[in-house]
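I have placed the structure first, in the form of structure tokens, so that the comments after it can refer back to it.
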Amino acid sequence: MRATIWNSLPLFLQLLLQFTVLSLSKPPPLPLPPPLPVLPVPTASQLKWQRREIIMFYHFGVNTFTNSEWGTGHESPLIFNPTALNTSQWITAATAAGVSLVILTAKHHDGFCLWPSRYTHHSVAHSPWMDGNGDVVRDFVTAASSSGTDVGLYLSPWDRHDRTYGHDVAYNEHYLGQLYELLTNYGKISEIWFDGAKGANATNMTYNFQDWFGMTKQLQGSINIFSDAGPDLRWVGDETGAAGETSWSLINRTRLRIGDASLESYLIAGDPRGADWVPPECDVSIRPGWFWHEDEKPKPLNQLLDIYYKSVGRNCVLLLNVPPNKTGLVSDGDIQRLREFRLAIDTIFNHDIAGGSVVKASSERGGKWGAFTANNVADGEAGTYWTPAKEEKKGGFWIELRGLNPRSKFNVVRIEEAIWMGQRIRRHRVYVDGHVVVRNGTTVGHKRLYRLRRPVAARRVRIRILKSRGPPLLSALGLHFDPYG
Ligand code: FUL
């Protein structure tokens, strides 16, 4: 019966019906997967470190009591006597500033150890503090872990106290012995600082860095090793808290040498052809000195904000030093400044004028129903990104925020790359309502912040990417108002 009705239909209707049934039963098209990464890419530990944005340093030791920056190594341990040392107070100061990783100078150049190292008499064990039974490193890691804060340690290679210094085998053994104590007795250590500094007249000494790095990774698998030459994090090349306008996480590790001042400009900029992912860390002190001095004061808020824009806003992590004082506490003035600093950052960045706006791009990988649409840059999700479908012949790739509220003024532009897929952007330009506001932009990286000269109101903001290592991947584009300028 059914066949009879079917056969009685005209042929064209039969074909049309067959075609409709077939196309309705076809499975929906599969979404395009992400594009290939552009190597090198960060490790999980490097990525975690980068997302912290601000971390904290504590310089504390005999210098705190002698009003000096570089101790001689001849200080008596008897001078180390903080009357009210409270590492929980240090950590509270850090968490109030939004910091999730804190680094302590376990041993500075003077060789005095803040833990009772069995390889020296020059330590807290021979000081009057807690009758020689104290351990600042222990107190520090305990206070940090009870607030969920990660810990890093600084162990100065240059040691002006130990008699083995200058004897290559003996001192490398001594150093490895101390490093072993720190990496095995204090739980998880997230960062280790191998400082390249030494005085011009320092005794000649060859450090066996490869032995140190090897043992460190063996004992703490997820640690990040910092030094002038990485292997995981590199010095930014200055101590002013400012990265370069061009700031690559890529570099060629084979070109680096610890303590070589001639490499500073290479360290600052990094290298777009670098084979290794070794991102820059910007270390700077909240005060003029690294150690506490009675007559010094914390930097004003606007200077700290400037540092933030020039470090975090240039693809770096800011390592901010806050030196505890003679009593063993972070001074009230520094705590107050840290609070103001956090409040200022939150005030500026918690409100994004671009949030939820319409976003258009030169093209979108997988089309407008794909997973890589332009809207991803304004969805508030760190893990999504826009990437184009194809090469653009003229003018490069572009992405544009549209339909912005012309009454909402902004003076900060924030651009973020999906760096877990490789750092790519080499040259870009920023336009506000068709006018160029940033002409010679270079790298972006984890975060690029531009402070405009004055607040503007606009309907459109466009980023043009003129040169890139492979197709660009933008994870965020934000517009903010900074009232502190
Ligand atoms: C430098 C050292 O000489 C300073 O005293 C300070 O520790 C700074 C973080 O690194 O190289």
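The values are calculated or read from the model by the stated rules, or taken from the named source; none is laboratory data. Worth saying up front: this structure is predicted, and the values here are computed from it rather than measured. As a convention, Cβ positions derive from the backbone with ideal geometry for all residues, glycine included, and neighbour counts pool all protein chains shown. Just so you know, the surface numbers come from the protein's heavy atoms only, side chains and all, with ligands and any DNA or RNA stripped out. Shrake-Rupley method; radii C 1.70, N 1.55, O 1.52, S 1.80 Å.
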Inset, instruction - Can you work out which of the residues in region 25-68 that are more than 30 Å from T373 (Cβ to Cβ), part of a loop (DSSP other than H, G, I, E, B) and in contact with a Phe, Trp or Tyr (Cβ under 6 Å, 6 or more places away or on another chain) is nearest to the ligand (Cβ to nearest atom)? - result: H59
Legend entry - The lone exception for V136 - which of (1) of a type outside the set (G, A, S); (2) touching a Leu at 6+ places or on another chain (Cβ under 9 Å); (3) closer than 25 Å to Q218 by Cβ it fails: (3)
Inset, instruction - State all residues of region 385-404 that are assigned to a loop (DSSP other than H, G, I, E, B), closer than 24 Å to F481 by Cα and open to solvent by less than 40 Å² (accessible area, probe 1.4 Å); if no residue qualifies, say none. - result: Y385, L404
Inset, instruction - Examine region 239-250 for a residue that is farther than 23 Å from Y309 by Cα, in contact (Cβ under 8 Å) with a residue 40 or more places away in the chain and of a type outside the set (G, A, S), and state whether such a residue exists. - result: no
Legend entry - Candidate set: region 177-232, residues that are part of a helix (DSSP H, G or I) and of a type in the set (D, E); chosen: the one surrounded by the fewest Cβ atoms within 10 Å (Cβ to Cβ): D211
Legend entry - Extreme residue, least open to solvent (accessible area, probe 1.4 Å), among residues of region 271-297 that are acidic (D, E) and part of a loop (DSSP other than H, G, I, E, B): D271
Inset, instruction - Under 8 Å between Cβ atoms, at least 6 apart or on separate chains: pull out the pairs that start in region 140-163 with a residue that is at positive phi and end on any residue that is of a type outside the set (D, E) and more than 12 Å from the ligand (Cβ to nearest atom). - result: G148/S100
Inset, instruction - Would you mention how many residues in region 17-61 are among the β-branched types (V, I, T), closer than 30 Å to I103 by Cα and surrounded by 15 or more Cβ atoms within 10 Å (Cβ to Cβ)? - result: 3
Legend entry - Residue satisfying condition, being touching a His at 6+ places or on another chain (Cβ under 6 Å) and within 27 Å of N86 (Cα to Cα), within set S156, S146, S190: S156
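Every residue, every condition in (1) closer than 23 Å to S227 by Cα; (2) modelled with pLDDT of 95 or more, yes or no:
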residue: V21; (1), (2): no, no
residue: T43; (1), (2): yes, yes
residue: R51; (1), (2): yes, yes
residue: N67; (1), (2): no, yes
residue: N81; (1), (2): no, yes
Legend entry - Residues satisfying the stated conditions in region 405-430, i.e. in contact (Cβ under 8 Å) with a residue 60 or more places away in the chain and open to solvent by 10 Å² or more (accessible area, probe 1.4 Å): S408, K409, N411, R414, E416, W420, M421, R426
Inset, instruction - Taking the options Q210, Q218, name whichever one is in the same structural domain as C113 (by TED's automatic domain parsing) and farther than 25 Å from L263 by Cα. - result: Q218
